[in-house]
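Enquirer: Sharing a structure with you now.
The values are calculated or read from the model by the stated rules, or taken from the named source; none is laboratory data. Owing to the predicted nature of the structure, the values given are computational and were not obtained by experimental measurement. No Cβ is skipped: glycine too gets one built from the backbone with ideal geometry, and neighbour counts run over all protein chains shown. All accessible areas refer to the heavy atoms of the entire protein, side chains included, with ligands and DNA or RNA removed. Shrake-Rupley method; radii C 1.70, N 1.55, O 1.52, S 1.80 Å.
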Amino acid sequence: ADVTDDFKSRVLNSQEIKQRRRERRRFKEFHYALGGLLKYKKRYNCIKRIFEFTNSEPQAYELFPTNMSEIFCLYFDFKASYAQEMIFISGKYPFPDMEGISSDDKIRNWICKYLSCLFIRQYTLHEYYIYQRHVDLPELPSTLREMAVWLDYIDIFKESVGSIFTNANLLKEIGFEYVNTEKIQSNGKLQPNEIFVRTKENLMAAIADSKKSQKLSEEKIEEFKNKSKEIISSRFNQLKPLFNRDKIEGIFEVKQKTGSYNLFDRLAFCEDTDVSFMDAESVQGTMWSLNWQLSFSEILYRMKRKSYVFLLQVYFLNHRHQ
């Protein structure tokens, strides 16, 4: 960093910092993929060695998550991410004897099983400092879309962790045989099931609150107004040649065309949504335009039918006098 004349610091190597962060993230991603591969090949002794290896005192494991928030984020990133690098993960981390169109989903599934092991591993870590909280409720994501993803997949995560606890042989081989309900309770930590249940409840409450409290987007509202005006103006311009510019004399029938309304979820006009609202900015204008065109066509049809009735009456009167 550098210090300017007004004593403000300035980062001189921001690009290098970003590059180093990307490299660290990619290296950790490789580590999780490697763990998924070892889980897939049932190399539990290797997993145990990775879990226990450290050169630090007190013990520190830089490649592993330090809290439940990191584990939850990692699990849902691999499980439900639509990023290109996750969808086609087999291109970066191919697993042996796993090819075909479903290979990407299978690879991500095995990585998630490894992350479930990391969830249980948190119960084996010592808390040397008062700020360390290896087992605690995860911090919820900030956006409604991310919270919806968590809510969709949290039960699957819970089942994955539960399946490991019921596999006594796996727990023994990776050194987790002493992680059980009694041991967890004696240490005063949250039970795994309690973490998932309370996190799900917090998610549901946070989603409901976000849907009620978030403000409407001024940009989306303005886009709705402009798009509706464009659609309706276009319809009137199409029918403009049929309008009568002359003053109508005599008796005539007036048919009024009122507006229309359609209830729409307010989330369609908020920045943060958990679902996609297709064509929300144009659907109301389109519906009104089509409705108005139909009403205009009905008016022309009725006028035509009355002309036919008048002509028939004249025809019968003329033939009656003959």
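Enquirer: Conditions first: (1) over 26 Å from Val149 (Cα atoms); (2) surrounded by 11 or more Cβ atoms within 10 Å (Cβ to Cβ). Ser186 passes all but one, so which condition is the exception?
Expert: (2)
Enquirer: Further, regarding this structure: Which one is modelled with the highest pLDDT among residues in region 269-315 that are open to solvent by less than 50 Å² (accessible area, probe 1.4 Å) and out of contact with any helix residue (DSSP H, G or I) (no Cβ under 8 Å at 6 or more places or on another chain)?
Expert: Across region 269-315, the extreme among qualifying residues is Val283.
Enquirer: State which residue pairs qualify: first residue over 19 Å from Ser116 (Cα atoms) and without any contact (Cβ under 8 Å) to a residue 12 or more places away in the chain and inside region 174-191, second residue open to solvent by less than 30 Å² (accessible area, probe 1.4 Å) and of a type in the set (Gly, Ala, Ser) in any location, beta carbons under 7 Å apart, and separation of 6 or more residues or different chains.
Expert: none
Enquirer: What is the residue count in region 141-191 for residues that are assigned to a loop (DSSP other than H, G, I, E, B), at pLDDT 90 or above and under 20 Å from the mean Cα position of the chain (by Cα)?
Expert: Number satisfying all stated conditions: 1.
Enquirer: (1) in contact (Cβ under 8 Å) with a residue 24 or more places away in the chain; (2) more than 22 Å from Gln191 (Cα to Cα); (3) open to solvent by 50 Å² or more (accessible area, probe 1.4 Å); (4) aromatic (Phe, Trp, Tyr): which one isn't true of Tyr128, the others all being true?
Expert: Among (1) in contact (Cβ under 8 Å) with a residue 24 or more places away in the chain; (2) more than 22 Å from Gln191 (Cα to Cα); (3) open to solvent by 50 Å² or more (accessible area, probe 1.4 Å); (4) aromatic (Phe, Trp, Tyr), the lone unmet condition for Tyr128 is (2).
Every residue, every condition in (1) over 19 Å from Phe30 (Cβ atoms); (2) of a type outside the set (Lys, Arg); (3) touching a helix residue (DSSP H, G or I) at 6+ places or on another chain (Cβ under 8 Å), yes or no:
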| position | (1), (2), (3) |
| --- | --- |
| Met86 | no, yes, yes |
| Gly91 | no, yes, no |
| Met98 | no, yes, yes |
| Lys106 | no, no, no |
| Tyr114 | no, yes, yes |
| His126 | yes, yes, no |
| Ile130 | yes, yes, no |
| Leu137 | yes, yes, yes |
| Leu140 | yes, yes, yes |
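Enquirer: Give the residues of region 66-105 that are touching a residue at least 24 places away in the same chain (Cβ under 8 Å), closer than 29 Å to Tyr123 by Cα and open to solvent by 40 Å² or more (accessible area, probe 1.4 Å), sorted by residue number.
Expert: Within region 66-105, Thr66, Asn67, Cys73, Lys79 qualify.
Enquirer: Taking region 205-218 only, how many residues are loosely packed, with under 12 Cβ neighbours inside 10 Å and touching a residue at least 12 places away in the same chain (Cβ under 8 Å)?
Expert: 1
Enquirer: Could you please find all residues in region 147-173 being without any contact (Cβ under 8 Å) to a residue 24 or more places away in the chain and under 17 Å from Leu74 (Cα atoms)?
Expert: Glu159
Enquirer: Among (1) touching a residue at least 40 places away in the same chain (Cβ under 8 Å); (2) open to solvent by 40 Å² or more (accessible area, probe 1.4 Å), where does Ile120 come up short?
Expert: With (1) touching a residue at least 40 places away in the same chain (Cβ under 8 Å); (2) open to solvent by 40 Å² or more (accessible area, probe 1.4 Å) applied to Ile120, the lone miss is (2).
Enquirer: Taking the residues in region 205-230 that are in contact with a helix residue (DSSP H, G or I) (Cβ under 8 Å, 6 or more places away or on another chain) and small (Gly, Ala, Ser) as candidates, determine which candidate is nearest to Asp279 (Cα to Cα). Reasoning before the result, please.
Expert: Let us first name the residues in region 205-230 that are in contact with a helix residue (DSSP H, G or I) (Cβ under 8 Å, 6 or more places away or on another chain), namely 206-207, 210-211, 214, 216-217, 220-221, 224, 227-230.
Next cut, small (Gly, Ala, Ser) only: 206, 210, 217, 228.
On the way: Ala206: 27, Ser210: 23, Ser217: 16, Ser228: 11 Å.
Going through the qualifying residues, I end up with Ser228.
Enquirer: Just one of (1) touching a Ser or Thr at 6+ places or on another chain (Cβ under 9 Å); (2) at pLDDT 90 or above; (3) not aliphatic (A, V, I, L, M) trips up Asn202, so point out which.
Expert: Of everything listed in (1) touching a Ser or Thr at 6+ places or on another chain (Cβ under 9 Å); (2) at pLDDT 90 or above; (3) not aliphatic (A, V, I, L, M), Asn202 misses just condition (1).
Enquirer: Right, here's the next one. Scanning region 12-59 for residues that are outside any helix (DSSP H, G or I) and of a type outside the set (D, E, K, R), which turns out farthest from Ile107 (Cα to Cα)?
Expert: Leu12
Enquirer: Please enumerate the residues belonging to region 60-115 that are in contact with a Lys or Arg (Cβ under 7 Å, 6 or more places away or on another chain) and in a loop (DSSP other than H, G, I, E, B).
Expert: Leu63, Asn67, Met98, listed by residue number.
Enquirer: Of all residues in region 97-124, which are more than 14 Å from Lys48 (Cα to Cα) and basic (Lys, Arg)?
Expert: Answer for region 97-124, where residues must be more than 14 Å from Lys48 (Cα to Cα) and basic (Lys, Arg): Lys106, Arg108, Lys113.
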